[in-house]
2 protein chains.
Amino acid sequence: MSLANLRTHYTSQINPEELGDQKVTVAGWVHEVRDLGGICFVVLRDREGRAQITLVKKKTDPELLEQARKLVRESVVSITGSVKPEGKAPNGYELIPDEITVLNEADSPLPMDTTGKVEAELDTRLDSRFIDLRRERTTSIFRIRHEVLKAVRGYLTDNGFIETSSPKVVATATEGGTSLFPITYFDREAFLNQSPQLFKQILMSGGLDRVFEIGPIFRAEEHDTRRHLNEATSIDIEASFCDHFDVMEVLENMVAYIYEQVIENASDSLAVLGVELKVPAVPFKRVTYDEAIEIVNANTDEMLNWGDDLGTAAEHTIGEHVFKETGESHYFIIDWPTEIKPFYAMPYEDNPILSKGFDMMHRTMELSSGAQRIHIPELLVERIESQGLDPEGFEFYLKAFRYGMPPHSGWGIGCERLVMTMLGVDNIRDVVLFPRDRRRLSP
Amino acid sequence: MSLANLRTHYTSQINPEELGDQKVTVAGWVHEVRDLGGICFVVLRDREGRAQITLVKKKTDPELLEQARKLVRESVVSITGSVKPEGKAPNGYELIPDEITVLNEADSPLPMDTTGKVEAELDTRLDSRFIDLRRERTTSIFRIRHEVLKAVRGYLTDNGFIETSSPKVVATATEGGTSLFPITYFDREAFLNQSPQLFKQILMSGGLDRVFEIGPIFRAEEHDTRRHLNEATSIDIEASFCDHFDVMEVLENMVAYIYEQVIENASDSLAVLGVELKVPAVPFKRVTYDEAIEIVNANTDEMLNWGDDLGTAAEHTIGEHVFKETGESHYFIIDWPTEIKPFYAMPYEDNPILSKGFDMMHRTMELSSGAQRIHIPELLVERIESQGLDPEGFEFYLKAFRYGMPPHSGWGIGCERLVMTMLGVDNIRDVVLFPRDRRRLSP
């Protein structure tokens, strides 16, 4: 059997006027069978839409009719026939079948409902992701994710960034800390990398000037929230001869570009999700850490002291405040205390208790962290030590700073959070095909 | 200090005619200092090329001249000055400096030579990748890799493939076998995934129709060769309602497109490497497994029996034979014995001892494996068992076949092998920024 003749068209590609008498073959899933006695409708579903197959009792070969009536929902079929205009059917046509081939019959009952009439629990949907994906809503999310990644790469490539890959198996923790998954690497202990941070910085010493990476990161944090994953997709850049403000500009312009591209290329998917996207206005508002503390203390019972990190509740307060003021969901928090930023964040030369680190926020959560990095090796060693880490474990990294490391800056943004905030999705697991969290390791 | 004024131009962007009296600032590494007494030349290097800085003793401020003379090689500097046409200098101009700022002085001696006069050992270069990358040859490889990935995504996206991501942390081995790195995942044992295979197949049941993924794969094989890595980048596709011949066409056309794009977009990098690329002619020759065995037995002392796998020496013999016959480096080997292909490869319906698996070969090595996959759940269970594996461990995968799995096919191609065969690079470690092998876990 050659499969070349299993499908001549997607359901969305059929135009009865253009086709005339030409036969077509569609292939997909039996979405629905409606047997009204004198007439039987089969709805076939493929990635691009649906087609109505119409069998009129009086005009149809009885065997074919019988076959159609007995089709099991969600079975995979290939159907050949001729096309007639039909305004009430999906895509404006109906297919009068000559032949129906069942390629793979589905068991029943299905592990979950596909019609969308019954909303299944998230865990049920994730357990049966292969069924969940047959719902237009779910597929739409991943079509949009595809457009997001395409826009990211397009934007960064057009702006002189080179795509690179860093190793996921590493000998040292990126930022110290304990949130590491240990691996047995032959006879040695290794870890899954938490971030490309140290590697993309090394590439700056190598002179690659501007690099980006899109890849998995792994964090062994025991979170159990709607916005944390233990394996996520990170979008990272690093750029030489740039300060934090330069890369903040890259970031906000990239986000705006992504929104534009999604609106332009995925309007159907947005419509399925009922999302009306507005391109965020650039530049995003810059809120200083000091102002952020003030906003929280003025608007809530929380009393934050200078030097405190901002928790989820504080972030919400600030996000709502900024939204009320600007009508925009995206903003930056800048000028953070050096002590609560990672060791590689550059302190301001004239006021080293403040750092050139920044966070890019959505009204509902943090999306991205970045900074101008320390490029002076002595200062870097000092900062590693002051955070209680051992510079010896970072020798492979520090070495790159001693032989001509340029000033540089960068950021990382979580792909999933970018998509979920764009689409107003409530749980991050909804925007990952096969999420990994403390409890979930399968499928 | 704002960094915005550290660089106004890359060295390649400077055109003395256009600039006139306008000052420029370049930033990069001190590539060379040549002090001839009455005149001192500093060569500054950035990602895009080199610039000659000229200081004539009689016309230059003595302090600035002294500073230039004392510049330490490979230090990072920013230099502002005016531009004069100079036919003998790189890019046709020289820069007469007003100001030289040393941003980070390099230690000396350097851990390896950067001039290319002394060719360092691979291990030395990998230990100091940040220095190795300052050689034009090395950077050119990664510029080309960037173009390769861009071309892959462009080709697949234009052909209806949606980008997806599969988890790297998994509970089960993809193809059984023992080449797995174990992870401690909270209180459970998990593994690093060897391939997106099972997941991309599940997406076919989900109706995504055509998907691709570019991401890391992990194999705990104790190889120590010039063409194996323990962490590699795999380019994977899966397509529904397609047989193996359909996806072979996607593969060969994609490879030809990549070569075209690299020629078009990376001619400078190809020139640095001295590589003259020829776009492979499509279709690639199809050699059956039977013919392959015959070629080996007729041309070497090796006596292969039907059912034997093809080793490295056999692959070379076949590759040379095909090259002599066609003048082309790429070809397919098709119609493999079912027994030596993975359990998910579809046997031919009319002759099940042969499978619809294929390999796509380069004259020098295997590049890609693919197949039409088994989509019938009963047959799949049978094949899993016949390979001595336990279907229970594959339940999350088998489930997706019971409720409407379409016929589908796919392949995976190693990004590194694609790049190394394209460029005639001898060791796969040369085309990975930070390779991972049995002995190397750092940097």
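Bear in mind that the values in this text are calculations on the coordinates, not laboratory data. On a predicted model such as this, the values are computed, not experimentally measured, just so you know. Cβ placement follows ideal geometry from the backbone for every residue including glycine, while neighbour counts extend to all protein chains displayed.
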Sorted by chain and then number, the residues having a modelled amide H within less than 5 Å of the amide H of A:E86, at least 5 places away or on another chain, are A:Y93, A:E94
What FRET efficiency would be calculated for the residue pair A:L379, A:I340, taking the C-beta separation as r and a Förster radius of 25 Å, to the nearest 0.05?
0.90
Quick check: the distance between the Cα centres of segment B:328-355 and segment B:242-266, to the nearest angstrom?
21
Report, in deg cm²/dmol and to the nearest 500, the calculated mean residue ellipticity at 222 nm for chain B, where each DSSP H run with n ≥ 4 adds -39500 (n - 2.57) and the sum is divided by the residue count.
-9000 deg cm²/dmol
Using a Gaussian network model of chain A with C-alpha springs under 10 Å, which one of A:G388, A:G92, A:G38 is most mobile by mean-square fluctuation?
A:G38
Which residue, chosen from A:I141, A:P109, A:G414, occupies the Cα position most advanced towards the positive end of the dipole of the protein assembly as shown, where the dipole is computed from +1 (Lys, Arg) and -1 (Asp, Glu) charges on Cβ about the Cα centre?
A:I141
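Work through the residues other than B:E325 whose Cβ is under 14 Å from its Cβ and net out their charges, Lys, Arg +1 and Asp, Glu -1.
Numbers: positive: B:K285, B:R286, B:K324, B:R363; negative: B:E291, B:E294, B:E320, B:E328.
So the environment of B:E325 carries a net charge of 0.
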Any idea what the A:D98 label distances to the other copies are, label 7 Å down the Cα→Cβ vector, nm, shortest first?
8.0
The protein assembly as shown, Cα convex hull volume normalised per residue, Å³
195
Please list, in order along segment A:224-240, the HN-Hα scalar couplings obtained from phi with the Karplus expression 6.51 cos²θ - 1.76 cosθ + 1.60 (θ = phi - 60°), rounded to whole Hz, x for Gly and Pro.
9, 10, 7, 10, 10, 10, 8, 10, 9, 9, 10, 9, 10, 10, 8, 9, 8
Between B and A, which B residue has the Cβ nearest their rotation axis, distance in Å?
B:I183, 3
Bridge type composition, chain A - antiparallel percent by DSSP, nearest 5
90
Residue by residue through segment A:395-400, what is 3J(HN,Hα) from phi via Karplus (6.51 cos²θ - 1.76 cosθ + 1.60, θ = phi - 60°)? Round to whole Hz and write x for glycine and proline.
4, 4, 8, 4, 3, 5
Tell me the distances, shortest first, between B:G327 and the same position across the other copies, using label points 7 Å along Cα→Cβ, in nm to one decimal.
6.6
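Taking every residue in B:429-442, how many Cβ atoms of other protein chains lie within 10 Å of its Cβ, on average?
Details: counts 0, 0, 0, 2, 12, 10, 1, 6, 1, 4, 2, 2, 12, 8.
Whole-number average of other-chain Cβ neighbours for B:429-442 is 4.
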Quick one: net charge of B:R50's neighbours, Cβ under 10 Å, K/R +1, D/E -1?
-3
Within 10 Å of the Cβ of an average residue in A:124-133, the count of other chain Cβ atoms is 5
Note, segment B:293-299: 3J(HN,Hα) by Karplus (6.51, -1.76, 1.60, θ = phi - 60°), whole Hz, Gly/Pro = x, goes 4, 4, 4, 5, 5, 7, 10
On each of the three principal axes the extent of the alpha-carbon atoms of chain A, given in whole Å and largest first, is 88, 56, 39
Among the GluC sites (Glu not before Pro) in segment A:339-443, which ones are in a DSSP loop with at most 14 other Cβ atoms within 10 Å of the Cβ? Mind listing them?
A:E349
Run through the other copies and list how far each one's label point is from that of B:G274, in nm with one decimal, shortest first; the point sits 7 Å from Cα along Cα-Cβ.
6.6
In a shell of Cβ-Cβ distance under 12 Å around B:V83, excluding B:V83 itself, what net charge do Lys and Arg (+1) and Asp and Glu (-1) give?
-4
Amide H of B:M361 versus every other amide H placed in the peptide plane: which residues, excluding those fewer than 5 positions away on the same chain, fall under 5 Å?
B:Y331, B:F332, B:I333, B:L367
Check cross-link reach from A:K356 to the lysines: straight Cα distance under 24 Å, and skip same-chain residues fewer than eight apart.
A:K200, A:K285, A:K341, A:K399
Based on the alpha carbon coordinates of segment B:16-104, what radius of gyration and maximum Cα-Cα distance (Dmax) apply, in Å?
11.9, 32
Within 10 Å of each Cβ in B:204-214, the average number of Cβ atoms from other chains
6
Which FRET efficiency, nearest 0.05, do B:Q22 and A:A298 yield, Cβ-Cβ r, R0 60 Å?
0.75
Calculate how steeply helix A:136-158 sits against the longest principal axis of the alpha-carbon atoms of chain A, using the helix alpha-carbon long axis, and give the answer as 0 to 90 degrees to the nearest 10.
50
Gap separating the Cα centres of segment B:382-431 and segment A:47-112, nearest whole Å
33
So, how do all the Cα-to-Cα distances of segment B:264-371 break down into 10 Å bins, in percent, from 0 on up?
14, 40, 29, 12, 5, 0
Who wins for biggest fluctuation among A:P62, A:P337, A:P347 in a Gaussian network model of chain A, springs between alpha carbons below 10 Å?
A:P62
Label-point separation (nm) for B:R69 and A:I39, each offset 7 Å from Cα along Cα-to-Cβ?
9.8
Amide H contacts of A:Y348 (H built 1.01 Å from N, under 5 Å, at least 5 apart or other chain)
A:L354, A:S355, A:K356
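Using a 10 angstrom Cβ neighbour count of at most 15 plus a DSSP loop assignment to flag exposed chymotrypsin sites (Phe, Trp or Tyr not before Pro), which longest range of chain A is free of such sites? Intermediate results must be reported in sequence, preceding the final value.
Details: sites that count: A:F186, A:W306.
My reading of the result: A:1-185 is the longest stretch.
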